[in-house]
Amino acid sequence: LSDFVVQDLNENPHLPFGTATFDVVTWLNTNDAEHCWIIGSYIHYSGAFDPPTVQDLTIGDGDPVFMISAVRRNDIGGKSSLRWQ
């Protein structure tokens, strides 16, 4: 690690790094459970959603499929859901 950036992603969601720069570091060295934990952590620490849930939708010996769901908090009333697969 030779560089770091402090940035409010709510103000400017674009990071000054190349495409897929972090995917290699975080994604390739983790298993399916850790992938779910990473995405669930993004949702949790955003503070914008109720606690996320994970469902394993894998069928038989097919490719692994997981769904991470969370309901967006809405202070105005009502809720809308966000689902990442």
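The values are calculated or read from the model by the stated rules, or taken from the named source; none is laboratory data. Owing to the predicted nature of the structure, the values given are computational and were not obtained by experimental measurement. Please note: Cβ atoms are built from the backbone with ideal geometry, for glycine as well, and neighbour counts cover all protein chains shown. Heads up: the accessible areas ignore ligands, DNA and RNA and are worked out on the full protein's heavy atoms, side chains in. Shrake-Rupley method; radii C 1.70, N 1.55, O 1.52, S 1.80 Å.
Residue-level analysis places ALA70 outside the set of residues that are of a type outside the set (D, E, K, R), touching a strand residue (DSSP E or B) at 6+ places or on another chain (Cβ under 7 Å) and either at pLDDT below 90 or open to solvent by 100 Å² or more (accessible area, probe 1.4 Å) (or both). Of everything in segment 2-22 that's surrounded by 10 or more Cβ atoms within 10 Å (Cβ to Cβ) and at pLDDT 75 or above, which residue is nearest to GLY47 (Cα to Cα)? Only one residue tops the list, namely GLN7. Against the condition under 27 Å from ASP8 (Cβ atoms) and part of a strand (DSSP E or B), how does ILE68 come out, does it pass? Criteria met by ILE68.
Here TYR45 fulfils each of the conditions (1) modelled with pLDDT of 85 or more; (2) in a helix (DSSP H, G or I); (3) surrounded by 10 or more Cβ atoms within 10 Å (Cβ to Cβ) apart from (3). In the condition set (1) closer than 28 Å to ASP8 by Cβ; (2) surrounded by fewer than 13 Cβ atoms within 10 Å (Cβ to Cβ), ILE39 is compliant with all but (2).
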